[in-house]
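The structure appears right after this line, and notes come after that.
We did not get these values from a lab; they are worked out from the coordinates using the rules stated. These numbers come from a predicted model, not from an experiment. When we count neighbours, we look across all protein chains shown, and the Cβ atoms used for this are built from the backbone with ideal geometry, even at glycine.
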Amino acid sequence: MKHQINRRDFLRSSAAALAVASGAWPGETHAASRRCPRIGSCMIGLPEAKQAGLDGAEVRVGPVADHLQIADKAVRQSYKDQMRETGLVIPSVVLGILNSAPLASDPRGPAWLEQTIDAAADLGAKVILVAFFSKGDLLDADRKVKQKDVDVVVERIRAAAPRAKAAGVTLAIENTLPATENIRILDRIGHEAVKVYYDVYNTGVTKGYDVPAELRLLKDRVAQVHFKNGPQYLEDRKGYFEPIVAALNDIRYSGWIVLETSNPSKNPVADTRRNAEFIRRLYTS
């Protein structure tokens, strides 16, 4: 039997099909689409992340050395064993040693990038946090860009980018620069395997940037995001994270939210779980 369809039903069904094709569910607008990203932590290991109900844990490369700890096959095997035992994954690897041995000045920097890319690929991690804080900060005391340092950083990351792409890894720069300066750096590097690791506390609370506006400006150049709130729980900064989540929804962010949170109760697992549950509520309220 043939069924007739009126114009209103046709338009409704067409809109639903378009919504599904764009990644939204029928009946919800793009702005209201709130699928919570996977949540990890860089403050606890995989076993603790499992207990806290997370999806994974970010790991570090180890201390400063010519041959990085993460480049050791036995170290990576230990992480692989933990992933198998917990069922969790490692979304990213942190090149935090660049804060004390800056990429712009340490001659080992290019080799560290290569070692970390290879290690991340072996672990299945898709993002490398390339850090620029403390000694590696790209802003001086007057909050002016250290242009000579930026020039070296651009050259070294550009050289490593093809290796990262071949490995299926994104080099994500995290720094204290505003979005406009990070866009200039990304444009100079000119490679799809290089993006930004955005910390919503360092930029918004510490530097006073408009975080939602920054995220909307960066758009798909955001590889991964850190959530934290200094010594407090995320929920204690009232009204701060809601506009950030709205901005992440607007740019269709589909990466991880990684907790870099403190432990007010001195119980890392319980406090991490509490912060993760707060994030999930933001995406369902």
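Taking H as built 1.01 Å from N, whose amide H comes closer than 5 Å to the amide H of residue 227, not counting residues under 5 places away?
Close amide H contacts, sequence-distant or interchain: 258, 259, 260.
Roughly how tilted is helix 241-250, in degrees to the nearest 10 and between 0 and 90, from the longest Cα axis of the chain?
For helix 241-250, the angle is close to 70 degrees.
Could you please tell me the mean projected area of the C-alpha convex hull for the range 29-284, averaged over all directions and given in square nanometres to one decimal?
Details: hull surface 52.2 nm².
Dividing the Cα hull surface by four gives the mean projection, 13.0 nm².
What lysines does residue 73 reach when the alpha-carbon gap must be under 23 Å and sequence neighbours fewer than 8 apart in one chain are set aside?
Correct list for residue 73: 126, 165.
Calculate, for residue 238 and residue 35, the FRET efficiency according to 1/(1 + (r/R0)^6) with r their C-beta to C-beta distance and R0 25 Å; round to the nearest 0.05. Intermediate results must be reported in sequence, preceding the final value.
Values: r = 24 Å, r/R0 = 0.96.
The calculated FRET efficiency here is 0.55.
What list do you get for 226, 191 if you sort them by fewest beta carbons within 10 Å? All intermediate terms of the calculation are to be shown ahead of the outcome.
On the way: 226 21, 191 17.
Ranking 226, 191 by Cβ neighbours within 10 Å, fewest first, gives 191, 226.
Return the long-range amide H neighbours of residue 94 (sequence gap of 5 or more, or a different chain), with a cut-off of under 5 Å between placed amide H atoms.
Long-range HN contacts for residue 94: 59, 60, 61, 129.
For the pair residue 111 and residue 140, what calculated FRET efficiency results from E = 1/(1 + (r/R0)^6), where r is the Cβ-Cβ distance and R0 = 45 Å, to the nearest 0.05?
Once the sixth-power term is evaluated, E becomes 0.95.
Could you work out [θ]222 nm for the chain from helices alone, using -39500 (n - 2.57) per DSSP H run of at least four and dividing by all its residues? Round to the nearest 500 deg cm²/dmol.
Details: 9 runs with 118 residues, N = 285.
It comes out at -13000 deg cm²/dmol, rounded to the nearest 500.
Looking at the range 29-284, what % of its DSSP beta bridges pair antiparallel, to the nearest 5? Present the calculation step by step, with values, prior to reporting the outcome.
Numbers: 1 of 29 bridges.
Within the range 29-284, antiparallel bridges account for around 5 percent of the total.
Helix 147-167: angle to the longest alpha-carbon principal axis of the chain, degrees 0 to 90, nearest 10?
With rounding to tens, the tilt is 60 degrees.
Does anyone have the angle between helix 7-22 and the longest principal axis of the chain? Alpha-carbon axes, 0 to 90°, nearest 10?
It is inclined by approximately 10 degrees.
How big is the dipole moment of the chain about its Cα centre under a simple scheme where the beta carbon of each Lys and Arg is +1, that of each Asp and Glu is -1, and everything else is neutral? Debye, nearest 20, please.
Values: 40 positive and 34 negative charges, 185 e Å.
It comes to approximately 900 debye.
With a Cα-only, solvent-free Debye model of the range 216-269, what are the log10 I(q)/I(0) values at q = 0.22 Å⁻¹?
With no solvent term, the Cα-only Debye profile gives -0.89.
Pairs of alpha-carbon atoms within less than 8 angstrom and 6+ residues apart define the contacts here; what relative contact order does the chain have, in percent?
Relative contact order here is 18 percent.
Quick one: of 135/228; 146/266; 50/195, which pairs are farther than 30 Å apart, Cα to Cα?
On the way: 135/228 22 Å; 146/266 38 Å; 50/195 28 Å.
Going by Cα-Cα distance, 146/266 fall outside the 30 Å limit.
Which order results if 254, 262, 100 are arranged by neighbouring Cβ count within 10 Å, fewest first?
On the way: 254 11, 262 18, 100 14.
Starting with the residue having the fewest Cβ neighbours, the order is 254, 100, 262.
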